């Protein structure tokens with residue numbers, strides 16, 4: 001692998017890449033050129049460039065995922081995104097910037113089946129995400145993932161991305177002006193998340209239990225849920241026991257499984 005100088009700001013190689021990016025910033029292959037340029041500055045194994053808009057399904061703009069990793073990516077884009085910390089953080093108004101995934105991830109997500117299915121498949125070591133708000137509520141993201149063999153993203157790499165973020169943001173804005181028509185969010189999916197969570201367990205769970213179920217599925221611990229809902233951890237634990245009893249299940253894996261079944265039924269014609 002080419003050695004990357006991470007101790008100095010972007011150098012002449014970045015300026016050459018920048019010239020190339022400017023030349024392509026209104027063309028369809030701009031995200032691919034961006035991927036190549038970023039690979040000269042930071043180390044990563046995978047890139048998922050996508051757009052988000054409210055509660056709509058995300059749209060893949062560019063991806064380096066292929067082969068055996070393509071099916072779980074498709075599952076993410078069509079179903080699992082509802083439980084994704086990136087999706088939910090953006091939906092709640094995550095500001096523009098550069099973020100490590102762990103900074104926006106629920107505290108107990110590694111214990112969930114969602115994490116096992118959506119993250120462990122990719123051998124996650126670390127991930128850094130560039131978040132760029134666009135017009136009409138669309139948010140453009142560049143998620144750079146690295147396998148565990150590469151270790152955590154360094155402070156120097158983070159500094160490099162922060163330093164060039166304003167330039168990347170401006171280039172993406174121009175790309176979007178020219179190419180947004182190719183990435184239209186499907187209005188039929190605009191309320192899929194709310195519909196899924198509000199109807200899951202309908203007639204069996206109380207509204208509070210449905211709310212807590214949604215947070216459990218996203219990977220929040222009882223303590224974190226308690227802080228968000230301004231109730232005690234003990235109350236959350238009582239609710240969780242009641243949820244399991246009402247749904248006739250005993251594990252979080254079973255909860256995830258019946259939620260996926262529920263999603264499948266929602267998508268049936």
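Structural remarks
- Condition check for residue 219: closer than 30 Å to residue 43 by Cα, assigned by TED's automatic domain parsing to the domain that holds residue 100 and touching a helix residue (DSSP H, G or I) at 6+ places or on another chain (Cβ under 7 Å): no
- Screening segment 209-269 for helices (runs of 4 or more DSSP H) wholly inside it with 2 or more residues that are touching a residue at least 60 places away in the same chain (Cβ under 8 Å) and under 30 Å from residue 78 (Cβ atoms) returns the ranges 252-267.
- Of all residues making up segment 160-178, the number that are closer than 14 Å to residue 138 by Cα and out of contact with any helix residue (DSSP H, G or I) (no Cβ under 9 Å at 6 or more places or on another chain): 1
- Test for residue 214: is it touching a helix residue (DSSP H, G or I) at 6+ places or on another chain (Cβ under 9 Å), surrounded by 14 or more Cβ atoms within 10 Å (Cβ to Cβ) and closer than 30 Å to residue 246 by Cα: yes
- Condition check for residue 180: under 23 Å from the mean Cα position of the chain (by Cα) and surrounded by 13 or more Cβ atoms within 10 Å (Cβ to Cβ): yes
- Residue within segment 115-124 that is touching a helix residue (DSSP H, G or I) at 6+ places or on another chain (Cβ under 9 Å) and closer than 27 Å to residue 174 by Cα present: no
- Consider segment 189-206 and keep the residues that are over 18 Å from the mean Cα position of the chain (by Cα), surrounded by fewer than 18 Cβ atoms within 10 Å (Cβ to Cβ) and touching a residue at least 12 places away in the same chain (Cβ under 8 Å). The one that is farthest from residue 264 (Cα to Cα) is 204.
- Evaluation of residue 56 against (1) over 24 Å from residue 255 (Cβ atoms); (2) without any contact (Cβ under 8 Å) to a residue 12 or more places away in the chain (one fails), failing number: (2)
Quick grid of which residues meet (1) in the same structural domain as residue 165 (by TED's automatic domain parsing); (2) surrounded by fewer than 17 Cβ atoms within 10 Å (Cβ to Cβ); (3) in contact with a helix residue (DSSP H, G or I) (Cβ under 9 Å, 6 or more places away or on another chain); (4) at pLDDT below 95:
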| site | (1), (2), (3), (4) |
| --- | --- |
| 4 | no, yes, yes, yes |
| 21 | yes, no, yes, no |
| 28 | yes, yes, yes, no |
| 34 | yes, no, yes, no |
| 41 | yes, no, yes, yes |
| 46 | yes, no, yes, yes |
| 64 | yes, yes, yes, yes |
| 70 | yes, yes, no, yes |
| 76 | yes, no, yes, yes |
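- Flag if residue 38 is part of a helix (DSSP H, G or I) and either in contact (Cβ under 8 Å) with a residue 24 or more places away in the chain or within 24 Å of residue 173 (Cα to Cα) (or both): yes
- The numbered conditions (1) modelled with pLDDT of 95 or more; (2) under 10 Å from the mean Cα position of the chain (by Cα); (3) assigned to a helix (DSSP H, G or I) are all true for residue 50 except (3).
The values are calculated or read from the model by the stated rules, or taken from the named source; none is laboratory data. As the structure is a prediction and not an experimental result, all values here were calculated from the model. Using ideal geometry, Cβ is built from the backbone for each residue, glycine included, and neighbour counts are taken over all protein chains shown.
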